[in-house]
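Input: a single structure, listed below in structure tokens.
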Amino acid sequence: MARSDVEIGHRANALVRLEEPDRARLLAGVFQPGSRSVMFRFLEAGEHEDGDMFGAIIEELDEQPDGQLRAHLLFWNDLARIYATPGAEFEVWYARTVGDGVVLG
């Protein structure tokens with residue numbers, strides 16, 4: 001388990017699906033515990049036309065039997081608590097959309 005030294009922000013659990021062929025490359029690099037490189041874009045709740053995007057530290061990551069990833073995220077922007085609510089859908093962004101997910105809680 002990789003806990004962050006960040007003490008403010010908003011924690012959320014999410015179920016994430018990374019797109020092929022990006023999956024293997026992302027899991028070998030930037031999408032792993034401790035990473036701050038990936039952004040999460042919430043389209044439905046966003047006030048901007050392309051949605052609102054937030055950075056998060058991936059604190060824990062568990063692969064599920066169906067290939068999806070259960071991620072424990074720490075968003076460092078407190079505004080994320082408005083968007084990252086149970087049932088909220090999001091896109092995973094790393095220079096472009098590379099996956100999607102849903103907030104579990």
*Per-region count, region 87-98, residues under 11 Å from M39 (Cβ atoms) and either touching a Gly at 6+ places or on another chain (Cβ under 7 Å) or surrounded by 14 or more Cβ atoms within 10 Å (Cβ to Cβ) (or both)*: 6
_Residue under question is A56, and the condition is that it be among the aliphatic types (A, V, I, L, M), out of contact with any helix residue (DSSP H, G or I) (no Cβ under 6 Å at 6 or more places or on another chain) and modelled with pLDDT of 95 or more; does it hold?_
yes
*Is one or more of the residues making up region 75-86 crowded, with 17+ Cβ neighbours inside 10 Å and at pLDDT 95 or above?*
yes
*Taking region 1-33 only, how many residues are of a type in the set (G, A, S) and modelled with pLDDT of 95 or more?*
2
*Residue in region 34-42 that is polar (S, T, N, Q), in a loop (DSSP other than H, G, I, E, B), buried (at least 16 other Cβ atoms within 10 Å of the Cβ) and modelled with pLDDT under 95 present*: yes
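The values are calculated or read from the model by the stated rules, or taken from the named source; none is laboratory data. Keep in mind that what you see is a predicted model, and the values were worked out from it rather than measured. For neighbour counting, all protein chains shown are included, and Cβ atoms are generated from backbone atoms with ideal geometry for every residue, glycine included.
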